[in-house]
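Please read the structure below before turning to the comments.
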Amino acid sequence: QVTLRGNAELDARQVNQYTLTLRATCPGEEEVEGQLFVRVTVGQVLRCDTPFTSEGGDVVQVPADVAPQTPLYAVLPQPLVGLTVSGCSPGTLRNHSTPLMLTRRGLILAPDNGFDPSKDTQMFRLEIEVMDRHGHNCSGAVRVEVLPSRRPRVTFPEPHRSVTVTEGVGPWELVTQLHASGENVRYAILAPVAPMLFTIDEVTGEIRSTRRLQVARAHLLVQAYNALHPADHATATVNITVQGTDRWAPRCVPAIFVSQVPETVSPGTTLVTLRCTGSTGTDEYLHYALEGPPASRSHLCMEGPQLKVNTTLDYDLEAMATVGFQFTATIVVTAGEQPPRSTRVPVLVTVTPVNEFRPTCPNSATFTVPETAAFGSIVGRVAGTDRDYPPGSLEYSLEGGSDPAQPFSIDRRTGEIRVVGPLSFQKQKSYRLVVQLTDTHNDVDPTKRHSRLCDVSVHLQAVPDEAPVCIPEVQELQIMAGSPGSRQPVTRLACHGSSDSATLTYSITGGNEDGRFQLEGNTVVYLPNNQVEPCTFVLLVEVWGGSGARRRSTVVALVVHVMPWSTPVPPSTTTQHTTLQKEPLVVTRTEAVWHPPAWFVAVLTISGTLLLATLCCTARSLPCSGQEQGLTPAFCSSHRNRDPGKLFLGKSSWDVVEQSRGKEEQGHPPASSPWQFDGRAQDPRTGRDYLFNSVTGARRWI
């Protein structure tokens, strides 16, 4: 027989199977071994939570306005089948000293009528015993703390009201309406129990007649209560008097009052004085009262028959804009007879604006704009302010109007300053603008305006000019000379500066010693003479851009081959050798300054001296072959007699490279022409040597 220990607790969620190994031995026989598998399944076990079974018990806090029979506490999270729950309060019989209810399923419920809405905390303690169908039991305690309700209670702001109506009021006409504060408010007439003349709407609190009224008096006791918590209620009394029509209500002049007042009107100013008379023909025993929205009753008041201004009517306040700059109210004039009769005079007061304040300049009005700013570019915005309503009703203008020499303009509505003219940092580094601020739409009279002058500074930011760009920088041209005395256009230079509006100047700085070429703007013109031989000219045209000390220039080289006008055109069958076009050679000149140490200079000097001596010895042992490798082209007689310092042609290391590349053409040497150019030239002004490639149009310095 296998039994479970008395203090053992099985939990199928932790261990759901046990394997027992049993061994049995009989005298004279071998030992026998077997296994027993015990499977633990999940079942319903009676277990109470620790807070419930502790010495102090579990604590539950609930508000006093909880609904009746609301479940407050569950003894077991999952009630078992066949569970029995019983409870009692200390020293008394079961549940006799507490309004709480305990079900057999272990639920603690709120009382049938709810808790007493007291301002003090109420406490109830229950000692509960739980027993299942197997006889297992557990016990514990629960303490229920009922806290004061935080919900607003139902109250009548006006617990007593007297209403007077005239006889002849028809059925279901509105007599008056009651208002009670609170949540889920409902209304009911408590007395008389069966009202004959009046009824009340349960939701809105409107009291209406049930039949045509005659002269009578009625006293109603009205109750307002919370529909979810009926214990939360309040009462009010309403006295309704139905008066006869044998006496008429007061008559007032004017019967309606509509007026416009400026915002600068002083408190205490009388707006209107009513002239009212009662049924006796006099104004005795008349009572005046003002009814309407809170804003109207705070700004207006009644002193006898006079309607006066109570507080300042500031048109520029946001609260005034909220009410639409208008106050509506009703003056109620009541006669003192019994029953009292009243007359209502509607009132509409409109507040008009007054331009009180001058515009204010911004704290900072300094802007910076580059001198290359395009037309219409925004420089900045002058943000003026005005304390008058409406905000932002300012107009902007420049003092002095629109001067053609003024490079700036200002937007009339936004105050944005824009560029409308050319700017030059060299001519003027800063501008002082005087902006006039003028307020508009701040007064009933549109002619009443205030203005203020504001100083605005605009500083120009210098932008360095770039050298003009010419495309291409080197050109090789061939023209046919015209008749003597004519003007032969050669080419038009395509150059542009750093800005589209920049003005460029052109000048011939080299190669035009005899004045055969002239410049007409950016067009090069040749002046023919009586030459009979082809000639080649190398012109250097310098293009200047910018102004003042920031002027930058670039040089354009023109190689012009001029054919005499009488020379016949060579036949089209002439053999020409074409060289493939090369990529342009861009040369960048970089000047670096280096200060070597003294020992390095000494070593370099000695090494250079030894190397020079070695080269001299080697050169003397070699035959002179310079004449065999010369590439000097033929020029016209006018160039042979010129000063070689101004323009000369010769051979360089670059030519040797070009010659080595063309060795494959030695079997077919090109025919020399009288105007062939070898690509070398010298600037007579700077003395700098140039090497031009007649095919690619590129140049480099030597």
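The values are calculated or read from the model by the stated rules, or taken from the named source; none is laboratory data. Computed from a prediction, not measured in an experiment: that's the story for all the values here. As a convention, Cβ positions derive from the backbone with ideal geometry for all residues, glycine included, and neighbour counts pool all protein chains shown. Remember, those area values only see protein heavy atoms, side chains included, never the ligands or the DNA or RNA. Shrake-Rupley method; radii C 1.70, N 1.55, O 1.52, S 1.80 Å.
Could you please let me know if LEU558 is farther than 30 Å from ALA374 by Cα, modelled with pLDDT of 75 or more and within 59 Å of the chain's Cα centre (by Cα)?
yes
Which of the residues that make up the stretch 141-158 are open to solvent by less than 60 Å² (accessible area, probe 1.4 Å) and not in a strand (DSSP E or B)?
PRO148, SER149, ARG151, VAL154, PHE156
For the stretch 48-58, give me the residue count where each residue is within 22 Å of GLN14 (Cβ to Cβ) and either modelled with pLDDT of 80 or more or surrounded by 14 or more Cβ atoms within 10 Å (Cβ to Cβ) (or both).
Number of matching residues: 3.
Within the stretch 119-140, is there a residue that is under 55 Å from the mean Cα position of the chain (by Cα), surrounded by 12 or more Cβ atoms within 10 Å (Cβ to Cβ) and not charged (D, E, K, R)?
no
Given (1) within 27 Å of LYS448 (Cβ to Cβ); (2) open to solvent by 60 Å² or more (accessible area, probe 1.4 Å); (3) of a type in the set (Asp, Glu), identify the lone condition not met by GLU291.
Going through the list (1) within 27 Å of LYS448 (Cβ to Cβ); (2) open to solvent by 60 Å² or more (accessible area, probe 1.4 Å); (3) of a type in the set (Asp, Glu), GLU291 breaks only (1).
Quick check, is LEU423 on the phi < 0 side of the Ramachandran plot and modelled with pLDDT of 90 or more?
no
Give ALA227, ALA236, ALA231, ALA216 a once-over and let me know the one that is surrounded by 20 or more Cβ atoms within 10 Å (Cβ to Cβ), among the aliphatic types (A, V, I, L, M) and over 30 Å from THR312 (Cβ atoms).
Answer to the selection: ALA236.
Hey, does the stretch 600-618 have a residue that's surrounded by 12 or more Cβ atoms within 10 Å (Cβ to Cβ), among the polar types (S, T, N, Q) and modelled with pLDDT of 75 or more?
The answer is no; no qualifying residue exists.
Inspect all residues belonging to the stretch 356-373 and state whether any of them is open to solvent by 40 Å² or more (accessible area, probe 1.4 Å) and under 30 Å from VAL242 (Cβ atoms).
No: the stretch 356-373 contains no residue that is open to solvent by 40 Å² or more (accessible area, probe 1.4 Å) and under 30 Å from VAL242 (Cβ atoms).
Restricted to the stretch 390-407, and to residues that are in a loop (DSSP other than H, G, I, E, B) and open to solvent by less than 70 Å² (accessible area, probe 1.4 Å), which residue is modelled with the lowest pLDDT?
If we take residues in the stretch 390-407 being in a loop (DSSP other than H, G, I, E, B) and open to solvent by less than 70 Å² (accessible area, probe 1.4 Å), then GLY401 is modelled with the lowest pLDDT.
If a residue must be surrounded by 12 or more Cβ atoms within 10 Å (Cβ to Cβ) and under 14 Å from THR264 (Cα atoms), how many such residues does the stretch 309-336 contain?
10
Right, PHE257: closer than 30 Å to PRO353 by Cα and crowded, with 16+ Cβ neighbours inside 10 Å or not?
Yes, satisfied.
Could you list, in sequence order, the residues of the stretch 181-226 that are more than 30 Å from PRO111 (Cβ to Cβ), among the polar types (S, T, N, Q) and assigned to a strand (DSSP E or B)?
Selection gives THR199, SER209.
Taking THR414 as the residue in question, decide whether it is part of a strand (DSSP E or B), touching a Lys or Arg at 6+ places or on another chain (Cβ under 7 Å) and at pLDDT 90 or above.
So THR414 fails the test.
If a residue has to be farther than 30 Å from SER424 by Cβ and of a type in the set (Phe, Trp, Tyr) to count, how many in the stretch 503-529 make the cut?
2
Looking at the stretch 363-381, can you tell me whether even one residue there is closer than 22 Å to ASN442 by Cα, part of a loop (DSSP other than H, G, I, E, B) and either free of Cβ contacts under 8 Å to residues at least 40 places away in the same chain or under 26 Å from the mean Cα position of the chain (by Cα) (or both)?
no
Quick check: is even one residue across the stretch 22-29 open to solvent by 100 Å² or more (accessible area, probe 1.4 Å), in a loop (DSSP other than H, G, I, E, B) and not hydrophobic (A, V, I, L, M, F, W, C)?
yes
Kindly indicate the residue of the stretch 408-440 that is aliphatic (A, V, I, L, M) and touching a Leu at 6+ places or on another chain (Cβ under 9 Å) and also surrounded by the most Cβ atoms within 10 Å (Cβ to Cβ) among those meeting that condition.
Across the stretch 408-440, the extreme among qualifying residues is ILE417.
With the structure loaded, tell me whether ALA12 is outside any strand (DSSP E or B), surrounded by fewer than 10 Cβ atoms within 10 Å (Cβ to Cβ) and small (Gly, Ala, Ser) or whether it fails that test.
no
Just give me the residues in the stretch 194-210 being surrounded by 14 or more Cβ atoms within 10 Å (Cβ to Cβ) and more than 60 Å from the chain's Cα centre (by Cα), in sequence order.
Once the filter is applied, which keeps residues that are surrounded by 14 or more Cβ atoms within 10 Å (Cβ to Cβ) and more than 60 Å from the chain's Cα centre (by Cα), the stretch 194-210 yields PRO195, LEU197, PHE198.
Open to solvent by 60 Å² or more (accessible area, probe 1.4 Å), of a type outside the set (A, V, I, L, M) and in a loop (DSSP other than H, G, I, E, B), is that true of GLN61?
no
Condition check: at pLDDT 85 or above and either assigned by the TED database to the domain that holds GLY384 or open to solvent by 30 Å² or more (accessible area, probe 1.4 Å) (or both). Does HIS459 satisfy that?
Answer is yes for this residue.
Can you tell me which of VAL347, VAL351 is over 27 Å from the mean Cα position of the chain (by Cα) and either within 30 Å of ASN239 (Cα to Cα) or open to solvent by 20 Å² or more (accessible area, probe 1.4 Å) (or both)?
Only one candidate passes the filter, namely VAL347.
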